[in-house]
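Participant: Handing you a structure now.
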Amino acid sequence: MWGSGSFGSQFFIMATPRKGKAKVKVTATGKKVSFGQAGKASDGGSRVRAGTSKGDAYCARSLGIKKQLSKRQQNDPNTPNNLSRKRWKCKGAKSMKSGATYE
């Protein structure tokens, strides 16, 4: 959102994710969508590790969630489930290491 500062200057207020969420996306209509689990994995690395068995398990689980949604929501790129699937590089029920487009 744009606002006016002390001397009429303009500034941008950054969107912050909700508690427990890692990322936030502001849609074209201005809606804020928080998604992803916040924090690090127990070994200090990233929680999202595409192309692993953990990624495959996540993609299979989230595909089941996606199938229960309406067709409009299944194809909406701004739903939290679809944003997370993109981050995990899901293609169907599998998580791809790199170079894959999400489904």
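The values are calculated or read from the model by the stated rules, or taken from the named source; none is laboratory data. Remember, predicted model here, so these are calculated numbers, not experimental data. We place every Cβ from the backbone using ideal geometry, glycine too, and count neighbours over all the protein chains shown.
Participant: Which of the residues spanning segment 54-88 are more than 22 Å from residue 42 (Cβ to Cβ) and touching a Phe, Trp or Tyr at 6+ places or on another chain (Cβ under 7 Å)?
Facilitator: If the condition is that a residue be more than 22 Å from residue 42 (Cβ to Cβ) and touching a Phe, Trp or Tyr at 6+ places or on another chain (Cβ under 7 Å), then 80, 83, 85, 86 are the ones that fit.
Participant: Let me ask another. Could you tell me which residue of segment 44-71 is surrounded by the fewest Cβ atoms within 10 Å (Cβ to Cβ), considering only residues that are of a type in the set (Ser, Thr, Tyr) and in contact (Cβ under 8 Å) with a residue 24 or more places away in the chain? Outline the logic, then answer.
Facilitator: The first filter runs over segment 44-71 and keeps only residues of a type in the set (Ser, Thr, Tyr), leaving 46, 52-53, 58, 62, 70.
Still in the list and also in contact (Cβ under 8 Å) with a residue 24 or more places away in the chain: 52, 58, 62.
Values: 52: 13, 58: 22, 62: 19.
If we take residues in segment 44-71 being of a type in the set (Ser, Thr, Tyr) and in contact (Cβ under 8 Å) with a residue 24 or more places away in the chain, then 52 is surrounded by the fewest Cβ atoms within 10 Å (Cβ to Cβ).
Participant: Here's something else I'd like to know. Based on this model, can you work out whether residue 67 counts as modelled with pLDDT under 90 and not in a loop (DSSP other than H, G, I, E, B)?
Facilitator: Working: modelled with pLDDT under 90: no; not in a loop (DSSP other than H, G, I, E, B): yes.
Here the answer is no, as residue 67 does not meet what is asked.
Participant: Exactly one of these conditions fails for residue 48: (1) among the aliphatic types (A, V, I, L, M); (2) assigned to a helix (DSSP H, G or I); (3) closer than 26 Å to residue 15 by Cβ. Give me its number.
Facilitator: Condition (2) is where residue 48 drops out.
Participant: Right, something else. Spot the failing condition for residue 92; the list is (1) in contact with a helix residue (DSSP H, G or I) (Cβ under 6 Å, 6 or more places away or on another chain); (2) on the phi > 0 side of the Ramachandran plot, and only one is missed.
Facilitator: Residue 92 satisfies all of (1) in contact with a helix residue (DSSP H, G or I) (Cβ under 6 Å, 6 or more places away or on another chain); (2) on the phi > 0 side of the Ramachandran plot except (1).
Participant: Here are 34, 84: which of them is touching a residue at least 12 places away in the same chain (Cβ under 8 Å), under 17 Å from the mean Cα position of the chain (by Cα) and in a strand (DSSP E or B)? Walk me through how you get there before you give the answer.
Facilitator: Numbers: 84 fails: in a strand (DSSP E or B).
Result: 34 is the single residue among 34, 84 that is touching a residue at least 12 places away in the same chain (Cβ under 8 Å), under 17 Å from the mean Cα position of the chain (by Cα) and in a strand (DSSP E or B).
Participant: I've got another one for you. Within segment 20-43, how many residues turn out to be more than 17 Å from residue 78 (Cα to Cα) and either touching a helix residue (DSSP H, G or I) at 6+ places or on another chain (Cβ under 7 Å) or surrounded by fewer than 13 Cβ atoms within 10 Å (Cβ to Cβ) (or both)? Break it down into steps so the answer makes sense when it comes.
Facilitator: Going through segment 20-43, the residues more than 17 Å from residue 78 (Cα to Cα) turn out to be 20, 38-43.
Adding the requirement that they be either touching a helix residue (DSSP H, G or I) at 6+ places or on another chain (Cβ under 7 Å) or surrounded by fewer than 13 Cβ atoms within 10 Å (Cβ to Cβ) (or both) leaves 20, 39-43.
Matching residues across segment 20-43 total 6.
Participant: Now for a different question. Determine, yes or no, whether residue 100 is surrounded by 13 or more Cβ atoms within 10 Å (Cβ to Cβ), in a strand (DSSP E or B), at pLDDT below 85 and not hydroxyl-bearing (Ser, Thr, Tyr). So that I can check it myself, show each step before the final result.
Facilitator: On the way: surrounded by 13 or more Cβ atoms within 10 Å (Cβ to Cβ): yes; in a strand (DSSP E or B): no; at pLDDT below 85: yes; not hydroxyl-bearing (Ser, Thr, Tyr): yes.
Here the answer is no, as residue 100 does not meet what is asked.
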